[in-house]
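The values are calculated or read from the model by the stated rules, or taken from the named source; none is laboratory data. Computed from a predicted structure; not experimentally measured. Reconstructed Cβ throughout: ideal geometry from the backbone, glycine too, with neighbour counts over all protein chains shown. Heavy atoms of the whole protein, side chains included, go into the accessibility calculation; ligands, DNA and RNA do not. Shrake-Rupley method; radii C 1.70, N 1.55, O 1.52, S 1.80 Å.
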Amino acid sequence: MIETDINDLSDDADYAAASRQQGPASFNRSDSGRRSSSGETEGAEVVYLKDNVTIHPTQYAADWISGRLKLIKQAGSLFMTWIPYKGQNSNARLTEKDKNLYTIRAVPFSDIKSIRRHNPPIGWQYIIVVLSSGLAFPPLYFYNGGVKEFLATVKQHAFLVRSADDANVFVVNDFQDPLQKTLSSLELPRAVSVANSPSSSVALSESPSSGNQEMTEGGAFNGSAASVRQNGTPRQKHNDPARDLHMQVLEKFSLVTRFARETTSQLFRESQMDGFLASERRRYDQPLVEHQSLVEHPESPDSNGSPKTPVPADPLEFDKMSLVWGKPRQPRLGLEEWSNFLDSEGRVMDANALKKRIFYGGVEHNLRRELWPFLLEYHPYDSTFAEREYLVAIKKLEYETLKKQWQSISHAQARRFTKFRERKGLIDKDVVRTDRSLSFYDGDDNPNVHLLRDILLTYSFYNFDLGYCQGMSDLLSPILFVMKDESESFWCFVSLMERLGPNFSRDQSGMHSQLFALSKLVEILDSPLHNYFQQNECINYFFCFRWILIQFKREFDFDRTMLLWEVLWTRYLSEHLHLYFCVAILKRYRNKIIGEQMDFDTLLKFINELSGQIDLNPTLRDAEALCICAGENGAACIPPGTPPSLPIEDASVYPQLEDDIL
Amino acid sequence: MASSGNKSINAKLVLLGDVGAGKSSLVLRFVKGQFIEFQESTIGAAFSSQTVAVDDATVKFEIWDTAGQERYHSLAPMYYRGAAAAIIVYDITNQASLERAKKWVQELQSQGNSNMVMALAGNKADLVDSRKVATEEAQAYAQENGLFFMETSAKTATNVNDIFYEIAKRLPRLQPAQNPSGMVLLNRPPAEKAAGASCCS
């Protein structure tokens, strides 16, 4: 991976610096295992902590176990722990006891042979930790990124070198042993997965070894690893468990789709009772929502020519039922109705009712300026008029201070500040080509274009680590259009970026996790379509990249974009309605995609050219229906912390198992 | 890769280059004969195709237009993988964009298809008053690195069709379709992909 190569230079420099500083004397032989088992806990220091590090015992998201990874330093030795969260999945088939089997309890680095990191083009980065004994832990997936930091931290505290053979393998060496120090043996032993490794665990007595048998039978990963070993076929160097996973997906299709179908049937019955009886499909290549009254279909998506290839039926329509419909869209929330949501001092009395109302109808344009700050959680729902006025004033001052940071950079300073010049140059290039066809932004020397630039530059100082990234100007443009005010636009943008910032992370982890979740959702909601993508090398769903990165901004005109955004921002049914919205669009065009046997190139072109062609309200209804249809199984496709969810920082969300062994 | 038969060749071509160098504008000019003053930035990638006729064949270019920002660098291999040709674009009014172009050339030389036809395009040639990169400098660099070089203007259409035409002429003929085209995912062995290789239409 290219990115890896770039990182490598700094990695190694860090490592060299760290080893020079510390010197051999500080790398003590880790005989502290015995000491810690005797109950000594003094001097243990957590030097690295990462939440949402997850193992995938099976391909079913419901079985995935998230936990917290820690590096702990004690008495000069480094230990690794991974403790699963307690009670994470209500519908998980794995019991707490099963989870305990996977727990990694304070493994000293002296017992670790190597760490292999993987940067798959789709999905999360993960590492495989191989023990000196030749055993390996299951892959640890880093949902929130952090592999690089993990390795850097290890480098600081233990002896770690990159394998000469494979840049993604890091060999851990016992520094006290001069023979090992020569790094003569960099070969990886054949990786064999183990659920737990009692022999190397410091806290041996706490390992519930009696459960190992069950686990091997129950865990798909263990099963496949074991069979590989029996056949004597070495696991490939670049073997990716995701590949095994996908090979199993086909076999499991029936199970997954059956679940979706049962859910659908149930909903169908419910909807009959609710009077939302959908009419029977005559042919399944008709548009999903044919009775839509609010928005007319400019074209029937599948009407362009007859499919060349037989198209597998959409499983949600298979049983002659149409997709359960979302509720009819409502007119936009207007001023009078809005005032009824407020108490005399301006507090929103029932935030959920408000969100629900906006979810189903959106907001009249002249109200957006007042409502968007709530939806973006910049203004608290329970704040009064006076409190909000005060907040606006305070935030204005704060904005001015932030803005002065770059305004005060003189020409002479800028000449010595490459990063600043580059950022400013990038922003300058983008703001002049953002929505310039709109009268709000058109014409030479338009002040609103300057505002876009100033806000983005200020944001790149406010969040210097993230900086500016292409796509951000698309996200800011409607906000400035609505808020008009510079400071208010800035703070709304800040709030939006709290959720969408990971879309722009350098390692693309935010995008990868969303695309991955999308693929899982299509898998349960339209398995033949998923199957088609898989067979046609489209399984990375990169053709949906633009949709997700900038929230469909390029797919709709300005007004529809704003409507869609406020609906998504309510997070009324799901924080990830945008993913269901993606599924809804794909399902509307599934017959065309499959019928015309689109390959990745054609599909990307087709998807890009859907811009301006998608019916917003019917697709929203489909998305709502799909979200309900998928239910908990859908939610389980989306790992915690997937944007736009906030990263899980507050560990108290998940009660912990006994975490600090040392 | 390019594959041929009945003198009809499909060739995957990728455009790489700095932000705002004019990659999308070159494509728009070549494919649709249009120019938009404020062409919006490319998010992800865009795909389009256009056919040119050269002496002995018809070449259908399958064009991948990519996002220019360094942040999206890690996605680029997905798009240049298996490409038969690349146009590396810089902006003649921006010296840094030439440096970025050189990085792309290096990357393609080490990672790309060894038979890849590479062209260096110095775009915005109409902006002569703001020129920062001397023609000679880019020409010399191109020569040293086995690229062919043209200064182009998507705005005035200067040399736009020509650069694609030149590439078409230089594509290897009758090259067997041995490398997969398109995307490879999840570290699948390339063998599974062979069926997806492009062929004449």
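Side notes on the structure shown:
- For the range A:514-548, filtered to residues that are part of a loop (DSSP other than H, G, I, E, B) and within 9 Å of chain B (Cβ to nearest Cβ), the residue that is surrounded by the most Cβ atoms within 10 Å (Cβ to Cβ) is A:Cys538.
- Qualifying residue in the range A:549-560 (condition: part of a helix (DSSP H, G or I), under 21 Å from A:Ile628 (Cα atoms) and modelled with pLDDT of 95 or more): no
- Enumeration of residues in the range B:66-88 that are in contact (Cβ under 8 Å) with a residue 40 or more places away in the chain, outside any loop (DSSP other than H, G, I, E, B) and within 10 Å of chain A (Cβ to nearest Cβ): B:Ala76, B:Met78, B:Tyr79
- Subset tally (residues that are touching a Phe, Trp or Tyr at 6+ places or on another chain (Cβ under 9 Å) and either crowded, with 23+ Cβ neighbours inside 10 Å or not hydrophobic (A, V, I, L, M, F, W, C) (or both)) for the range A:549-559: 6
- Restricting B:Thr93, B:Thr51, B:Thr58 to those that are farther than 21 Å from A:Arg554 by Cα, open to solvent by 20 Å² or more (accessible area, probe 1.4 Å) and outside any strand (DSSP E or B) reduces the list to B:Thr93.
- Pairs linking a residue in the range A:519-531 that is in the same structural domain as A:Lys587 (by TED's automatic domain parsing) and closer than 15 Å to A:Ala61 by Cβ to a residue that is open to solvent by 10 Å² or more (accessible area, probe 1.4 Å) and charged (D, E, K, R), with Cβ atoms under 6 Å and 6 or more positions apart or on different chains, are A:His530/A:Glu523.
- Within the option set A:Asn633, A:Asn608, being under 22 Å from B:Ser41 (Cβ atoms), open to solvent by 10 Å² or more (accessible area, probe 1.4 Å) and either in the same structural domain as A:Pro478 (by TED's automatic domain parsing) or under 25 Å from the mean Cα position of the chain (by Cα) (or both) holds for one residue only, A:Asn608.
- Among the residues making up the range A:451-475, a single one is aliphatic (A, V, I, L, M), open to solvent by 10 Å² or more (accessible area, probe 1.4 Å) and more than 14 Å from chain B (Cβ to nearest Cβ): A:Leu451.
- Among (1) assigned to a loop (DSSP other than H, G, I, E, B); (2) away from every other protein chain (no Cβ under 11 Å) - the single one B:Phe38 does not satisfy: (2)
- Residue that is nearest to A:Asp350 (Cα to Cα) [pool: residues in the range A:367-386 that are open to solvent by 40 Å² or more (accessible area, probe 1.4 Å) and without any contact (Cβ under 8 Å) to a residue 40 or more places away in the chain]: A:Asp382
- Among the residues making up the range A:402-416, a single one is under 33 Å from the mean Cα position of the chain (by Cα) and open to solvent by 50 Å² or more (accessible area, probe 1.4 Å): A:Gln405.
- In the range A:430-447, of all residues being over 18 Å from A:Arg554 (Cα atoms) and not polar (S, T, N, Q), the one that is least open to solvent (accessible area, probe 1.4 Å) corresponds to A:Gly443.
- Checked against (1) within 14 Å of chain A (Cβ to nearest Cβ); (2) assigned to a strand (DSSP E or B); (3) not polar (S, T, N, Q), B:Ile43 passes all but a single condition, namely (2).
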